[in-house]
Structure formats: C-alpha cells, structure tokens
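Asker: This is the structure I have questions about; it appears just below.
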Amino acid sequence: MIAGPNRTTGGGMDEAALAARFRAVDVWIFDLDNTLYPAATDLFAQVDVKIRDYVMELVGATAEEAHRLQKDYYRRYGTTLRGLMLEHGISPDGFLEYVHDIDHSVVAPDPHLGAMIERLPGRRFIMTNGTRRHAEKVADRLGITRHFEDVFDIVAADLLPKPHRATYEKFLGQAGIDPTRAAMFEDLSRNLEVPDALGMATVLVWCRPAPRR
Ligand SMILES: [Mg+2]
C-alpha cells in the first residue's frame, strides 16, 4: 500500500511545509475498506454480491435488474442501504448483518502496517461506511485492532454515509476532535472533500496495480 499526500489539498506545498503540517497532527483517522487493506483483497466484491442478493429477494427481481437497482440507489443516495430505506422502508439492521456476512479470511495479516500505525503519535480511529462488526473482523485479521481507540461506523453515523458533512461533524464532536489537528486517510477522494473543508490534513491512499505477467 502506498500513501501519498492528497495534492488536491496539499497542492503547492513543498515537502518541508507538508512535514510541518503533519507534525501538527495528533489524531489519525482511517477509512477501512481499500484503505487499511489493499483494494486487490476485494472484500467489496463479496459484499456487492450479498447486496444484489438482498435486493433480488426484497423486490423479486432478476440478478440483472437487482444489480441495476443497487447501483442506481448507490449513485442517488450514497449507499444502496439508504436508497432501500427511503424507497422501500427497510430496517437497516438485518440488511447490514446480511451483507457483511462474508469471508474475512482473505484479508492477510499486515504486521508492517501495524508497526507504522503504532508509530503515529496520538489518538487513532477507524471511520467507515460499513459496520463496527465488519471493521473489527477486518482489523483483527490485519492484526491492528489494539492500535485504535474506537470505530465510528454507519450505525454511529445514523446511517448517513460519508461524504455527508453531518457525519464527519458528529464523529468529530462525539470524539472531541479538533479537525485542524487531525489527518484523514481514504481511498476515495470524494470522502476527503469535507475533511479538507473542515481543516483536516488529508491523505489519498491508493494501490499500485499488480504488474502484468
Ligand atoms: Mg474505502
């Protein structure tokens, strides 16, 4: 995994300025999926199929129709769950449990990542659009659970996913975090726009694609 400063926020900063910016940070906030483990692990492919199956069952659609609906809700509401709640009035608990019931054993332990996170001075959190249980399973597999103070999940966010501003504000308020002393790590640049606007340092995390053979 390679983390680079997000140039949409650090744009124009030289290395010394960037280093000074991060020296002022004492709260480290990490997205979970495709940020703390490589995107190639592709846990979302499993979740994606579970969501499609849920929609198929709910509306009595074919796999193809369910897939289309799933993606349409994702685009319009930020998550398929939100679309299902608003358009079909489903309760979130059963949905969240069903779609996160996946094989977490494909996540490989990452002692190097653990050692790096341990060196970050201050408080450390996971902030995810998934569930706490899912985050805990992933963190346990990675071997990094003990390095984090807490997980802020989609239930804590009142089911309002990132990048809704209210969700970041709720998390920051609840944990007593001054955003100007915090850094946010994310694989989706759209989820870094609000943190940047709130004064956080932002880091876009990306994976170099595996070389072709
Ligand atoms: Mg992510």
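Asker: Please report Met85, Met116 as a ranked list, fewest other C-beta atoms within 10 angstrom at the top and most at the bottom. List each step's numbers first, then the result.
Answerer: Details: Met85 17, Met116 14.
The most exposed by this proxy come first: Met116, Met85.
Asker: In terms of Cα to Cα distance under 12 Å, which aspartates and glutamates are near enough to Lys71, apart from those fewer than 8 places away along the same chain?
Answerer: Filter leaves Asp48.
Asker: How much of the DSSP beta bridge set in the chain is antiparallel, as a percent to the nearest 5?
Answerer: Numbers: 4 of 19 bridges.
Antiparallel bridges: around 20 percent, rounded to the nearest 5.
Asker: Now for a different question. With only Lys, Arg, Asp and Glu charged, each at its Cβ (+1 for the first two, -1 for the last two), find how big the charge dipole of the range 62-145 is about the Cα centre; round to the nearest 20 debye.
Answerer: Charge dipole, the range 62-145, about its Cα centre: 440 debye, nearest 20.
Asker: Suppose every K and R has +1 on its Cβ and every D and E has -1 on its Cβ; what is the size of the dipole of the chain about the Cα centre, in Debye to the nearest 20? If you can, show how the numbers build up before the last one.
Answerer: On the way: 26 positive and 31 negative charges, 115 e Å.
The calculated dipole for the chain is roughly 560 debye.
Asker: Moving on to the next point. Set the Förster radius R0 to 30 Å, insert the Cβ-Cβ distance between Asp178 and Asp103 as r into 1/(1 + (r/R0)^6), and round the FRET efficiency to 0.05. List each step's numbers first, then the result.
Answerer: Numbers: r = 39 Å, r/R0 = 1.30.
The formula returns an efficiency of 0.15 here.
Asker: Next question, about the same structure. Suppose only helical runs count, i.e. DSSP H with n ≥ 4. What mean residue ellipticity at 222 nm does that imply for the chain under -39500 (n - 2.57) per run, divided by all residues and rounded to the nearest 500 deg cm²/dmol? Don't jump to the answer; show the numbers that get you there.
Answerer: On the way: 10 runs with 97 residues, N = 213.
It lands at -13000 deg cm²/dmol.
Asker: Please report the base-10 log of the normalised intensity I(q)/I(0) for the range 43-99, using a Debye sum with one equal scatterer per alpha carbon and no solvent, at each q in 0.23 (1/Å).
Answerer: Log10 of I(q)/I(0), two decimals: -0.87.
Asker: With just the Cα atoms of the chain, tell me how far they stretch along each of the three principal axes, in Å, largest first.
Answerer: 57, 42, 32
Asker: Sum up the charges of everything whose Cβ sits under 10 Å from the Cβ of Val205, counting Lys and Arg as +1 and Asp and Glu as -1, but leave Val205 out.
Answerer: Values: positive: none; negative: Asp31, Glu186, Asp187.
Its environment carries a net charge of -3.
Asker: Put +1 on the Cβ of every Lys and Arg and -1 on every Asp and Glu Cβ in the chain; which of Ser91, Thr62, Val49 then has its Cα farthest towards the positive end of the dipole?
Answerer: With unit charges placed on the Cβ atoms, the residue in question is Val49.
Asker: Answer rounded, prolate or oblate for the range 100-153, using the Cα gyration tensor with square roots of eigenvalues a ≥ b ≥ c: rounded when a/c is under 1.5, else prolate when a/b is larger than b/c, else oblate. Each step should come with its number before you reach the end.
Answerer: Working: a/c = 3.04, a/b = 1.29, b/c = 2.36.
Oblate is the answer for the range 100-153, as a/c is 1.5 or above yet b/c matches or exceeds a/b.
Every number in this text was worked out from the coordinates using simple rules, so none of it is lab data. Computed from a predicted structure; not experimentally measured. Note that each Cβ is placed from the backbone with ideal geometry, even for glycine, and that neighbours are counted across all protein chains shown.
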